[in-house]
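The values are calculated or read from the model by the stated rules, or taken from the named source; none is laboratory data. Remember, predicted model here, so these are calculated numbers, not experimental data. Don't worry about glycine lacking a Cβ; one is built from the backbone with ideal geometry, like all the others, and counts go over all protein chains shown. Areas reflect the complete protein model, heavy atoms only, side chains present, ligands, DNA and RNA absent. Shrake-Rupley method; radii C 1.70, N 1.55, O 1.52, S 1.80 Å.
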Amino acid sequence: MPLLDHFHPPLSERRPWESFHTTWASALADVLNHDILPAGYIALEQIHPGAALEIDVATFTEPAAPAVANGAGGTVTLPRAIWTPTTAPMIIPASFPPSATIEVLSTEGGRTLVAAIELISPANKDRSSKRRLFAAKCATYLSRGVGLVIIDVVTSRQGNLHNELADLLGLDAAFRMSAGQSLYSVAYRPLRVDGVERIEAWPSPLAVGEILPTTPLSLGAELCVPVDWEAAYSEACRRRRVEEVVG
C-alpha cells in the first residue's frame with residue numbers, strides 16, 4: 001500500500017487521523033512482536049491523548065485517618081502521608097500534544113527501555129513550542145542511549161522535526177534535511193566508540209504515493225532490527241478499511 005494523504009479529503013473526513021494513528025501504532029507493535037523482535041524483547045504501544053488528567057482538589061473530602069489496634073488493648077491513629085505546599089507563585093502555560101509511541105523493552109532481568117518509535121501527529125508540528133518539545137523528547141531518548149525512529153506523514157502542516165532536533169543539539173547545516181522535506185523518517189542509533197559518543201542516523205524522504213521504506217531500529221550497540229513500515233501501514237489500512245474510501 002503506497003502512502004496516502006490522511007489529512008485531506010476523502011480520508012480526512014471518512015477515516016479520521018486520530019483513529020488511524022492509534023491503529024497504525026498497534027499494527028506496528030504487532031509486526032514487531034510477531035515478525036521482527038528476537039526473544040527477550042517486547043514492543044508496547046503507548047497512546048497519550050494529551051494532558052487528559054484533571055483533578056479538582058476542592059471537590060474531595062478526605063476521610064479521617066483510620067484507627068487501628070496497637071496490641072496493648074488501645075488504638076493508635078495512623079498518620080497520613082499528606083503535605084500541602086504553599087500556593088504556587090508561578091503558573092506556566094502549557095499544552096501537551098497527543099502522542100503515539102511504540103516502546104521496545106528488553107525483558108531480561110526486568111523491563112528496560114531500549115528503543116522507541118514516534119509516529120508524529122499534526123499537534124507535534126503546529127507551533128514552535130510544540131516542535132521544540134518534541135525535539136527535546138527525542139534528545140532525551142538519545143541521551144539515555146535509547147534507539148529511536150521517527151516518522152512524519154503529516155501533510156497538513158509543514159516543518160521538519162529532525163531539523164528541530166539538529167538545532168537543539170547545536171548541529172550545523174550538514175546534518176539537516178532539506179527545509180522543504182516535510183514527509184520523512186529518520187532512524188537514530190546512539191553509540192560510544194573508543195570513548196567518543198556519536199549518533200548514527202538514517203534519514204529517508206517520504207512522499208504520498210510511494211511505498212514506505214524499511215528502516216533500522218537500534219536495540220543496543222551491537223543489535224539492530226528492520227522496521228517494516230510498509231507491512232505495518234498496510235495492516236493499519238486493512239483494519240480501518242481504507243480501500244473503501246480510496247478505491
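Observations, loosely collected:
- Base-10 log of normalised Debye intensity for region 197-237 (one unit scatterer per alpha-carbon) at q = 0.24 Å⁻¹: -0.91
- Whole-percent carbon and sulfur share, accessible surface of region 108-211, 1.4 Å: 49
- Remark: the Glu244-Ser19 segment gains 79.4 nm on full extension, using 0.36 nm per residue and subtracting the alpha carbon distance.
- Region 134-247, accessible area per residue, ligands and nucleic acids excluded (1.4 Å, Å²): 49
- In this Cβ point-charge picture (+1 for Lys and Arg, -1 for Asp and Glu), region 95-196 has a dipole of about 240 debye about its Cα centre.
- Under the criterion of Cα pairs below 8 Å and six or more residues apart, the relative contact order for region 82-233 equals 18 percent.
- Carbon plus sulfur fraction of accessible area for region 1-48, probe 1.4 Å, in percent: 52
- For region 111-135 and region 183-231, distance of Cα centres in Å: 16
- Cβ-derived FRET efficiency at R0 41 Å, Ser128 paired with Thr214, nearest 0.05: 0.80
- Additional length obtainable on full extension of the chain from Ala39 to Asp172, 0.36 nm per residue less Cα span: 43.9 nm
- Per-bin percent of Cα-Cα distances, region 123-247 [10 Å]: 12, 39, 34, 12, 2, 0
- Using a probe of 1.4 Å, the accessible surface attributed to Val246 totals some 60 Å² when neighbouring protein chains are kept in position.
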